[in-house]
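Visitor: Below is a structure I'd like to ask you about.
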Amino acid sequence: MRERLIEAIEREIASWPGVSAEPHRFGGTEFRVGRREIGHLHRHGLADLPFPKRTREQLVREGRAEPHHILPESGWVSHAVHDDADVAEVIELFRLNYKR
């Protein structure tokens, strides 16, 4: 089931104008707009996205994301994908970063 959820996220994000999907160096898929990474999605179901620290703090405070699983003091956030609600939230996080 998780594979289906991840594939749905990948299809959606890769369909946006100007977004490229490439293999990520730590596994999974990395999404870029030009040279800028807007985030990546690990095959085990964890999305990691970079934001300015102020935005990251707001997303964590609102419960929309967790501090990055390895770099918790950075601007990066993580969001696990377990169900359809997570798919929608992860897509919205990518959309937020895409629009930035």
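The values are calculated or read from the model by the stated rules, or taken from the named source; none is laboratory data. A quick note: this is a predicted structure, and the numbers were derived from the prediction, not measured. Ideal geometry is used to build each Cβ from the backbone, glycine not excepted, and the neighbour counts take in all protein chains shown.
Visitor: Residue by residue through region 44-100, note down the ones that are touching a helix residue (DSSP H, G or I) at 6+ places or on another chain (Cβ under 8 Å) and among the acidic types (Asp, Glu).
Guide: Once the filter is applied, which keeps residues that are touching a helix residue (DSSP H, G or I) at 6+ places or on another chain (Cβ under 8 Å) and among the acidic types (Asp, Glu), region 44-100 yields Glu66, Asp83, Asp84, Asp86.
Yes/no per residue for (1) closer than 17 Å to Lys99 by Cα; (2) at pLDDT 95 or above; (3) in contact with a strand residue (DSSP E or B) (Cβ under 9 Å, 6 or more places away or on another chain); (4) not hydroxyl-bearing (Ser, Thr, Tyr):
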position	(1), (2), (3), (4)
Leu5	no, no, no, yes
Ser15	yes, yes, no, no
Ser20	yes, yes, yes, no
Phe31	yes, yes, yes, yes
Arg43	no, no, yes, yes
Leu49	yes, yes, yes, yes
Glu62	no, yes, no, yes
Ser78	no, yes, yes, no
